[in-house]
Amino acid sequence: MIDKGHTSMSITRQCELLEVTRSGYYYSPRPTSDLNLELMRKMDEHYLDHPYKGARRMHIWLTKDLGYKVSLNRIEHLYYNKMSLRSILPGPHTSKRNKEHKTYPYLLRELKITKPNQVWGTDITYIPMSNGFMYLTAVIDLYSRYVVHWSVSNSMEAEWCSSFIEEAFEFSGQTPEILNTDQGSQYTSEVFTSAVLNAGVKLSMDGKGRATDNAFIERLWRSVKYEKIYINPPKDGVDLYHKVEEYMYYYNNERRHSSIDHLVPVTQYHSFKPTIFPSYEDGLKD
């Protein structure tokens, strides 16, 4: 969709209008084998119902239950590097953390979330397509379950996450008091943390092995995949963009959520009336 020879609009401006990063545009992906795509699709579906499984248990499931003849090294590479998955249980590899990066304390413990834009959560998930795969990121308001902003990319670069969160602040006209992430290298990078802190937002990072951390956005991924992506896999990146666009509109404006008294997120987000809400962890019981 980007025209290199456009006479009046630069590539940078075209990328901005299409909500893709320049690095994403210039990125040249290496082909992924059909077997790897098949394995990732299987693991992605299985992980949604078994998030406590790490790469080793995924390898056992794939080889013993499904009969694949693949090495543990291959599954670890796909699980951690390609799909950026992590077990919710304590142990090694719970997150792709860069030990040289600074991490920030977890701020949601016993916090009562009482209003929109008090806490946002953001994360990245792998999205399978008919041919290949891409990544989806989103930021969700924890009070209302409203998806503030989202983006797709063919790589998980820190620059993409940084540009994305800056766009979320700009497009929504709002900044949260707290932004919660995991300890992945994209979120601990200087380019991302600076974008958040310079906007006057406190940064909260999940502790290792906490099963409840970022649970609301994990539910969003489950809904996107089961209710849209798995039913009709996207053919390519453009098709993926339009399918996600359709679903996010439905999720925000039509889909009712039991945890917010069967309201739709857009109503809860924009029609705020101060109430006493349960703490973050209590709200997970809904």
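Below, the figures for the structure above:
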{"quantity": "Criterion: surrounded by fewer than 16 Cβ atoms within 10 Å (Cβ to Cβ) and either modelled with pLDDT under 90 or closer than 15 Å to TYR126 by Cβ (or both) - qualifying residue of TYR80, TYR52, TYR47", "calculated": "TYR52"}
{"quantity": "Selection from the stretch 158-188 of residues that are in contact with a His (Cβ under 6 Å, 6 or more places away or on another chain) and more than 17 Å from GLU19 (Cα to Cα)", "calculated": "THR188"}
{"quantity": "Residue among VAL191, VAL201, VAL196 that alone is out of contact with any strand residue (DSSP E or B) (no Cβ under 9 Å at 6 or more places or on another chain) and either modelled with pLDDT under 95 or aliphatic (A, V, I, L, M) (or both)", "calculated": "VAL191"}
{"quantity": "Pairs where the first residue, in the stretch 215-238, is within 14 Å of THR125 (Cα to Cα) and touching a residue at least 60 places away in the same chain (Cβ under 8 Å) and the second is part of a helix (DSSP H, G or I) and among the hydroxyl-bearing types (Ser, Thr, Tyr), C-beta under 7 Å, 6+ apart", "calculated": "VAL224/TYR247"}
{"quantity": "LYS273 at pLDDT below 90, closer than 27 Å to TYR52 by Cα and in a loop (DSSP other than H, G, I, E, B)", "calculated": "no"}
{"quantity": "Matching entry among THR32, THR122, THR103 (being at pLDDT 90 or above, surrounded by 14 or more Cβ atoms within 10 Å (Cβ to Cβ), β-branched (Val, Ile, Thr) and not in a helix (DSSP H, G or I))", "calculated": "THR122"}
{"quantity": "Hey, LYS69 modelled with pLDDT of 90 or more, over 18 Å from SER204 (Cβ atoms) and not assigned by TED's automatic domain parsing to the domain that holds ILE127 or not", "calculated": "yes"}
{"quantity": "Qualifying positions in the stretch 139-160 - of a type in the set (Asp, Glu) and more than 17 Å from ARG222 (Cα to Cα)", "calculated": "GLU157, GLU159"}
{"quantity": "Residue within the stretch 160-171 that is outside any helix (DSSP H, G or I), buried (at least 21 other Cβ atoms within 10 Å of the Cβ) and not assigned by TED's automatic domain parsing to the domain that holds MET40 present", "calculated": "no"}
{"quantity": "Residue within the stretch 15-28 that is at pLDDT 85 or above and not hydroxyl-bearing (Ser, Thr, Tyr) present", "calculated": "no"}
{"quantity": "Qualifying position, being surrounded by fewer than 20 Cβ atoms within 10 Å (Cβ to Cβ), in a helix (DSSP H, G or I) and more than 17 Å from the chain's Cα centre (by Cα), among SER194, SER223", "calculated": "SER194"}
{"quantity": "Hits in the stretch 125-140 - residues which are outside any strand (DSSP E or B) and of a type in the set (Ser, Thr, Tyr)", "calculated": "SER130"}
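The values are calculated or read from the model by the stated rules, or taken from the named source; none is laboratory data. Being a predicted model, the structure only gives us computed values, none of them experimental. Cβ: placed from backbone, ideal geometry, glycine included. Neighbour counts: every protein chain shown.
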